[in-house]
Amino acid sequence: MDLNNMQNEKPSPISNLASDEDKPNGKELPTKQSYGNEFNTHFLEQYKLYVEMADRVSSRRVQIASLYTSILSALLALLSITSNKELFQGSQSVVILTMSVLGLCLCLAWYININSYKQLNRLKFKVIHKMESHLPFPCYRMEWEILSNDTDLQKYFRLTAIEKYIPVILATPYLCLFVYSLIKVFGKSIS
C-alpha cells in the first residue's frame with residue numbers, strides 16, 4: 001500500500017486525535033488540506049525521525065547505566081585503597097562514611113534516572129503508536145501485541161523492571177559501609 005493511497009482511505013493522522021489532551025496546547029493540528037501537498041512525505045519523515053529519537057533515548061539510557069556502574073565500581077575500589085592503613089593515614093571511618101553516602105546518593109540518582117527514561121520511552125512509544133495507526137503496518141504495536149499475547153513465549157520481563165534492581169543491588173555494599181562507619185564514628189564518641 002502506498003502512503004498517498006493510504007491517505008485517501010484513512011482520515012488525516014492528526015485530525016482525529018482521541019481527545020483534547022492529545023492536542024498540543026489544546027490547539028487543532030494541521031490537516032492534509034491545510035498543510036499542503038507535502039503532508040504525506042513530511043508525516044513519514046517525521047515518523048522516521050521520531051523512531052530514531054526513541055532509539056537514541058534508549059542508547060543514552062544504556063550509556064548512563066554504564067556511567068553509573070563505572071563510577072560506583074571505582075568508588076568501591078577507592079574505598080578498598082583507603083582501608084589500607086599503610087597507604088592512607090587519615091580517619092578511615094569518616095572517609096568510609098562520606099563515600100558510602102556518596103555511593104547511596106548515586107544509586108538513588110540512578111534509580112530516578114531509570115524511572116525518568118522509562119516515562120520518556122513510554123510517552124515516545126504512545127506517539128509512535130498513534131502515528132503508526134495511520135501507516136500501512138504498525139510494526140511497533142504489533143511487536144508488543146505478539147509479546148503480550150504469545151503463550152509460547154515465557155513470561156517477558158520488561159528491561160526497566162530488571163534494570164531497576166541494579167542500583168538497589170549496588171546500593172547494598174554502600175548501605176553496609178554506611179552502617180559500619182556510623183558504628184565506628186559514634187561508637188568512638190560514646191566510649
Each residue of region 96-107 in order: what ³J(HN,Hα) in whole Hz does its phi give by Karplus 6.51 cos²θ - 1.76 cosθ + 1.60, θ = phi - 60°, with x for Gly and Pro?
5, 4, 4, 5, 5, 5, 4, x, 5, 5, 5, 4
HN-Hα J in Hz across region 133-139 - Karplus 6.51, -1.76, 1.60, θ = phi - 60°, x for Gly and Pro:
5, 10, 10, x, 9, x, 4
Which residues does the label zone of Tyr180 cover in region 48-74, counting backbone N under 19 Å from a point 7 Å along Cα→Cβ?
72-74
Subtracting the Cα-Cα distance of Leu120 and Ile169 from 0.36 nm times their residue separation yields 15.2 nm
Under 5 Å, built H, 5+ apart or other chain: amide partners of Leu29:
none
Step through the table entries Lys48/Lys126; Lys164/Lys184; Lys48/Lys124; Lys32/Lys130; Lys32/Lys126, compare each Cα-Cα distance with 20 Å, and write down the pairs that go over it.
Lys164/Lys184; Lys32/Lys126
Determine, from the Cβ-Cβ distance of Ser133 and Ile112 and an R0 of 22 Å, the FRET efficiency 1/(1 + (r/R0)^6), rounded to the nearest 0.05.
0.10
According to a simple spin-label model (label point 7 Å from Cα along Cα-to-Cβ), what is the distance in nm between Ala77 and Ala161?
3.5
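Every number in this text was worked out from the coordinates using simple rules, so none of it is lab data. Just so it is clear, the structure is predicted and the values come from calculations on it, not from any experiment. A quick note on method: Cβ atoms are made from the backbone with ideal geometry, for glycine too, and the neighbour counts reach across all protein chains shown.
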